[in-house]
There are 4 protein chains.
Amino acid sequence: MLETLKEAVLEANLELPKRGLVTYTWGNVSGIDRGENLIVIKPSGVPYEELRLEHLVVLDLNGTKVEGKLNPSSDTMTHLVIYRNYPELGGVVHTHSRWATVWAQACRGIPALGTTHADYFYGEIPCTRKLTNEEINGQYEEQTGNVIIETFKDKNPVCVPGVLVSNHGPFSWGKDPQEAVHNAVVLEEVAMMAYHAFSLKPDLKQIDKTLLDRHFLRKHGSKAYYGQS
Amino acid sequence: MLETLKEAVLEANLELPKRGLVTYTWGNVSGIDRGENLIVIKPSGVPYEELRLEHLVVLDLNGTKVEGKLNPSSDTMTHLVIYRNYPELGGVVHTHSRWATVWAQACRGIPALGTTHADYFYGEIPCTRKLTNEEINGQYEEQTGNVIIETFKDKNPVCVPGVLVSNHGPFSWGKDPQEAVHNAVVLEEVAMMAYHAFSLKPDLKQIDKTLLDRHFLRKHGSKAYYGQS
Amino acid sequence: MLETLKEAVLEANLELPKRGLVTYTWGNVSGIDRGENLIVIKPSGVPYEELRLEHLVVLDLNGTKVEGKLNPSSDTMTHLVIYRNYPELGGVVHTHSRWATVWAQACRGIPALGTTHADYFYGEIPCTRKLTNEEINGQYEEQTGNVIIETFKDKNPVCVPGVLVSNHGPFSWGKDPQEAVHNAVVLEEVAMMAYHAFSLKPDLKQIDKTLLDRHFLRKHGSKAYYGQS
Amino acid sequence: MLETLKEAVLEANLELPKRGLVTYTWGNVSGIDRGENLIVIKPSGVPYEELRLEHLVVLDLNGTKVEGKLNPSSDTMTHLVIYRNYPELGGVVHTHSRWATVWAQACRGIPALGTTHADYFYGEIPCTRKLTNEEINGQYEEQTGNVIIETFKDKNPVCVPGVLVSNHGPFSWGKDPQEAVHNAVVLEEVAMMAYHAFSLKPDLKQIDKTLLDRHFLRKHGSKAYYGQS
């Protein structure tokens with residue numbers, strides 16, 4: 001079963017440069033096998049064009065390496081914190097994609113300004129608070145995960161499948177690595193359009209709850225009627 | 001004859017990703033056979049790279065499916081309202097193309113700021129009012145069509161072949177699916193240039209009526225002299 | 001000799017979509033044979049992907065067609081006015097390239113803000129005044145040429161090889177069609193960078209004359225030392 | 001050994017158009033052999049698509065040509081000044097890449113606004129003062145090098161591997177030509193994101209020193225833990 005997961009994680013990682021979300025090695029995707037409680041993640045600093053199945057690293061939820069010769073992504077601990085806290089998630093992505101990173105650098109969440117946003121994110125895509133000096137100097141990557149969890153204390157990560165880490169960049173997730181990447185692509189599109197809509201009309205407000213509901217629930221939940229299922 | 005229409009609708013749909021107007025499945029093109037009063041439209045949620053002739057859905061003008069196994073685009077009712085009200089139209093397109101969606105999210109129409117706009121759109125590309133809660137909670141996609149018709153009560157859709165739906169994105173149309181897509185491409189270009197021209201000169205006004213006339217009528221109507229016919 | 005010119009004009013036209021300067025048929029390149037006083041120009045409304053040598057149109061300087069079955073570009077008279085007034089020019093280009101058109105729509109010339117500009121344009125790339133209603137309703141394309149000449153009454157078109165036509169878009173030129181296209185590409189780059197530099201620092205001023213001189217004269221004239229000749 | 005260096009310099013030069021950093025011939029990469037005190041640099045004005053090993057020019061640190069038929073890049077003297085002052089560097093790049101040039105034209109340094117910046121540049125990417133008329137009219141390219149050195153009088157070029165030359169564009173460097181190009185790509189990304197983050201939040205401040213340290217030192221120096229070594 002881990003072979004299937006590894007293939008999914010490899011494919012999802014390769015989707016990042018294909019979709020224009022990464023420069024050099026600035027991104028990583030992981031997936032989890034909830035039966036085995038093992039995650040598969042991209043190794044640190046390996047170029048996408050050279051990435052092969054055998055480079056992927058398998059870890060348990062404490063971060064102990066179970067398989068693989070290479071060091072896992074330096075952001076691994078952030079992924080692990082997300083998996084530990086949200087058992088409903090099967091894949092996590094981190095990138096420095098441009099427009100999402102612009103919002104993260106400005107330390108601002110992205111409000112829902114249109115139906116594109118509402119189709120995928122049920123409300124604002126939040127931006128975390130800044131990490132404290134203690135958090136940065138301590139277990140930095142783990143604290144990055146913790147501040148994401150803190151940001152979602154009143155939010156459902158399945159309904160808002162992404163976040164901006166202040167001064168850093170986006171993380172997104174989904175039921176599997178492919179959906180996590182899909183949400184990373186959407187986040188980037190939404191960030192681009194929200195940036196420019198704000199610039200065109202600086203006092204723009206979030207769309208009405210009714211429209212947000214209509215679009216999110218048209219695609220998600222028991223009353224969804226978008227698509228073929 | 002529907003085979004020819006299906007081929008035209010398929011080709012027009014595939015033109016959307018080729019022209020950079022869609023991400024994932026965020027767009028749909030339809031065409032109508034006015035003799036049979038049947039429309040052909042993209043199925044809902046099918047990726048463009050997998051789209052084949054046999055996936056297209058045939059419907060009558062009430063939205064009753066006549067042929068096809070898949071669900072039609074979730075925006076089908078909006079297309080139908082447009083066809084019912086404008087017998088001169090043969091194709092309709094909806095996308096979330098970036099620059100047009102930026103204007104739609106800002107709830108602003110795009111004034112004619114240059115001859116590129118005037119060559120295709122005889123005046124402002126309007127933005128609809130927001131839908132009411134009742135409209136959103138009711139037959140939402142049909143009401144989206146209705147608010148487009150309301151927006152065009154004093155406009156000729158042949159002279160202004162596109163609209164922005166508030167908080168949502170653009171619809172465009174034409175005498176056939178190809179022309180509808182052509183106008184979607186133009187709308188996106190015009191939206192990009194208008195955004196930046198406004199940013200460079202915030203008090204910019206629409207071009208003079210004389211220039212608007214000259215360019216629109218150079219390409220349209222009995223005195224047109226652009227092109228080879 | 002016209003065969004060589006036709007090949008140069010065809011190649012220069014095909015360079016426009018390759019360089020991302022045109023959407024659909026929104027551009028045209030011409031070249032002139034100064035011995036024969038004949039110009040070769042793109043036909044009106046013919047898609048670039050279908051453009052062949054035999055489609056090109058040959059005209060004398062009065063605009064009388066000498067060879068070719070198709071109608072010449074609707075902008076032909078503007079090209080002719082430029083050739084008649086500037087015997088030193090051998091090629092002319094018109095596009096609606098995005099960033100240059102943004103400035104044209106804002107009716108603003110592009111000041112020299114950096115050495116990229118200074119390497120090719122010896123000072124501001126001017127924007128014409130708006131045409132009067134009489135000019136628009138009269139011989140519009142010829143008047144467009146006339147207003148370009150008026151704009152250059154104190155400028156040398158060889159030193160400033162391009163212009164923005166107010167509310168419309170850029171024209172550029174050179175000693176042959178290839179150089180004219182080269183200058184169209186540079187104009188677009190310069191327009192993009194000037195737009196953003198202004199946005200970053202709204203009170204930005206033109207670079208000092210000394211730097212303008214140094215860069216322009218490093219590439220042009222008898223003391224040039226850039227390149228291999 | 002110079003053959004290896006030439007191949008590295010050729011490959012690094014070809015990387016520039018591949019990464020979208022240059023239009024036409026607006027860029028150049030050099031490398032140095034510190035044993036021989038010889039540099040290899042791109043010839044002036046040769047298109048990248050025609051560039052071959054035999055076109056590269058070999059010079060000593062005074063700028064005297066040792067090998068090669070063509071003229072070296074017109075910016076050669078700037079490269080030489082950088083090599084003479086910073087013995088730790090092995091490659092230098094100059095481009096007119098868009099976003100970096102936007103900042104250079106606005107005469108503003110790029111503050112560290114996020115971790116992407118901090119991963120590569122240990123603080124602000126500075127912009128030089130403007131050159132004086134005397135400097136421009138004198139040994140201009142050498143003075144450009146001198147003003148870069150002046151700008152770095154309190155900075156370590158290994159920790160901040162790039163600079164913006166006022167009204168001109170970026171230079172970057174590294175331990176070899178490949179790393180110099182890598183830093184040019186990063187500089188461009190960082191410039192794009194900083195531009196937009198500032199536009200979204202004009203009073204944005206540089207990230208805290210703690211976060212800057214954490215990210216820079218995660219990738220550089222004896223305590224680095226990013227990647228595989």
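Summary table below
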{"quantity": "Number of the condition not met by D:Ile149 [criteria: (1) more than 14 Å from chain C (Cβ to nearest Cβ); (2) of a type in the set (Val, Ile, Thr); (3) assigned to a helix (DSSP H, G or I); (4) buried (at least 22 other Cβ atoms within 10 Å of the Cβ)]", "calculated": "(4)"}
{"quantity": "Complete set of residues in segment D:1-21 that are in contact with a strand residue (DSSP E or B) (Cβ under 7 Å, 6 or more places away or on another chain) and not in a helix (DSSP H, G or I)", "calculated": "D:Met1, D:Leu21"}
{"quantity": "Candidate set: segment C:113-132, residues that are out of contact with any strand residue (DSSP E or B) (no Cβ under 8 Å at 6 or more places or on another chain) and not aromatic (Phe, Trp, Tyr); chosen: the one farthest from D:Gly169 (Cα to Cα)", "calculated": "C:Thr132"}
{"quantity": "Filter pass, D:Gly221 being surrounded by fewer than 16 Cβ atoms within 10 Å (Cβ to Cβ) and either within 12 Å of another protein chain (Cβ to nearest Cβ) or not in a loop (DSSP other than H, G, I, E, B) (or both)", "calculated": "no"}
{"quantity": "Contacts under 6 angstrom Cβ, first residue in segment A:2-24 being closer than 17 Å to B:Tyr24 by Cα and open to solvent by 20 Å² or more (accessible area, probe 1.4 Å), partner at pLDDT 95 or above and among the aliphatic types (A, V, I, L, M), 6 or more apart", "calculated": "A:Glu15/A:Val181; A:Arg19/A:Val185"}
{"quantity": "Boolean, D:Glu142 is within 11 Å of chain C (Cβ to nearest Cβ), of a type in the set (D, E, K, R) and over 28 Å from A:Trp103 (Cα atoms)", "calculated": "no"}
{"quantity": "Pick from segment A:165-188, criterion surrounded by fewer than 21 Cβ atoms within 10 Å (Cβ to Cβ) and among the acidic types (Asp, Glu), ranking: farthest from the other protein chains (Cβ to nearest Cβ)", "calculated": "A:Asp176"}
{"quantity": "Members of segment C:196-207 found to be more than 7 Å from chain D (Cβ to nearest Cβ) and either surrounded by 24 or more Cβ atoms within 10 Å (Cβ to Cβ) or among the acidic types (Asp, Glu) (or both), listed by number", "calculated": "C:Asp203"}
{"quantity": "Hits in segment C:163-177 (condition: in a strand (DSSP E or B) and of a type in the set (Gly, Ala, Ser))", "calculated": "C:Gly169, C:Ser172, C:Gly174"}
{"quantity": "Qualifying positions in segment A:139-154 - more than 16 Å from the chain's Cα centre (by Cα) and closer than 25 Å to A:Tyr122 by Cα", "calculated": "A:Lys153, A:Asp154"}
{"quantity": "D:Ser44 being among the polar types (S, T, N, Q), within 12 Å of chain C (Cβ to nearest Cβ) and farther than 28 Å from D:Met192 by Cβ", "calculated": "yes"}
{"quantity": "Given (1) in contact (Cβ under 8 Å) with a residue 40 or more places away in the chain; (2) over 21 Å from A:His215 (Cβ atoms); (3) within 12 Å of the chain's Cα centre (by Cα); (4) not in a helix (DSSP H, G or I), number of the condition B:Val160 does not satisfy", "calculated": "(1)"}
{"quantity": "Pairs where the first residue, in segment D:47-69, is farther than 13 Å from D:Val29 by Cα and among the hydrophobic types (A, V, I, L, M, F, W, C) and the second is part of a loop (DSSP other than H, G, I, E, B) and open to solvent by less than 80 Å² (accessible area, probe 1.4 Å), C-beta under 7 Å, 6+ apart", "calculated": "D:Leu61/D:Asn37"}
{"quantity": "Of all residues making up segment A:123-133, the number that are buried (at least 22 other Cβ atoms within 10 Å of the Cβ) and assigned to a loop (DSSP other than H, G, I, E, B)", "calculated": "2"}
{"quantity": "Segment B:134-146, residues that are in contact (Cβ under 8 Å) with a residue 12 or more places away in the chain and open to solvent by 10 Å² or more (accessible area, probe 1.4 Å)", "calculated": "B:Glu135, B:Gln139, B:Glu141, B:Glu142, B:Gln143, B:Asn146"}
{"quantity": "Members of segment C:25-35 that are under 15 Å from C:Glu88 (Cα atoms) and open to solvent by 10 Å² or more (accessible area, probe 1.4 Å)", "calculated": "C:Ile32, C:Arg34, C:Gly35"}
{"quantity": "Residue check for B:Val158: more than 9 Å from every other protein chain (Cβ to nearest Cβ), β-branched (Val, Ile, Thr) and farther than 30 Å from A:Glu188 by Cα", "calculated": "yes"}
{"quantity": "Qualifying positions in segment D:37-55 - open to solvent by less than 10 Å² (accessible area, probe 1.4 Å) and within 17 Å of D:Met77 (Cβ to Cβ)", "calculated": "D:Ile39, D:Val40, D:Ile41, D:Lys42, D:Pro43, D:Ser44"}
{"quantity": "Residue list for segment A:77-118, filter: within 14 Å of chain D (Cβ to nearest Cβ), open to solvent by less than 10 Å² (accessible area, probe 1.4 Å) and under 14 Å from the mean Cα position of the chain (by Cα)", "calculated": "A:Thr78, A:His94, A:Thr95, A:Ser97, A:Ala100, A:Thr101, A:Ala104"}
{"quantity": "First in segment A:76-102 and touching a residue at least 24 places away in the same chain (Cβ under 8 Å), second anywhere and among the basic types (Lys, Arg), Cβ under 9 Å, 6 or more apart", "calculated": "A:Tyr83/A:Arg34; A:Pro87/A:Arg34; A:Glu88/A:Lys175; A:Leu89/A:Lys175; A:Gly90/A:Arg34; A:Gly90/A:Lys175; A:Gly91/A:Lys175; A:Ser97/A:Arg19"}
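The values are calculated or read from the model by the stated rules, or taken from the named source; none is laboratory data. This one's a predicted model, so the numbers in the text were calculated from it and none came from an experiment. We place every Cβ from the backbone using ideal geometry, glycine too, and count neighbours over all the protein chains shown. Accessible surface areas use protein heavy atoms only, side chains included; no ligands, DNA or RNA. Shrake-Rupley method; radii C 1.70, N 1.55, O 1.52, S 1.80 Å.
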